[in-house]
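Working notes, structure below.
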């Protein structure tokens, strides 16, 4: 963390003029908020944080839906009769 802590809010014009500094603060101090007329319009974050936020893990239902179509699966069972088991030696 930098010794001098900067306010994390930047007006658009100031952010444009000092873009390198905004980026540096995003890396050292965390997210930097860009405002226009006092309204938050964007946030600049470090790339690694962005990737953490966007690497979505699908829920189980989405995982199942992403697989092969069910119509392509062969769910028919074997027509062979089950084998005979000799239980006489079982204890």
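Since every read-out is calculated from the coordinates, none of them should be taken as a lab result. Model, not experiment: these values are computed from the prediction. Note that we place each Cβ from the backbone using ideal geometry, even for glycine, and neighbour counts take in every protein chain shown.
Once you have the Cα-Cα distance between residue 71 and residue 7, take 0.36 nm times their residue separation minus that, and quote the gain in nm to one decimal.
17.3 nm
Order these peptides, 72-80, 7-15, by their mean beta-carbon neighbour count within 10 angstrom, highest first.
Peptide ranking by packing, descending: 7-15, 72-80.
Which shape class, rounded, prolate or oblate, goes with the stretch 6-91 when its Cα gyration tensor gives a ≥ b ≥ c as root eigenvalues, a/c under 1.5 marks rounded, and past that a/b bigger than b/c marks prolate?
prolate
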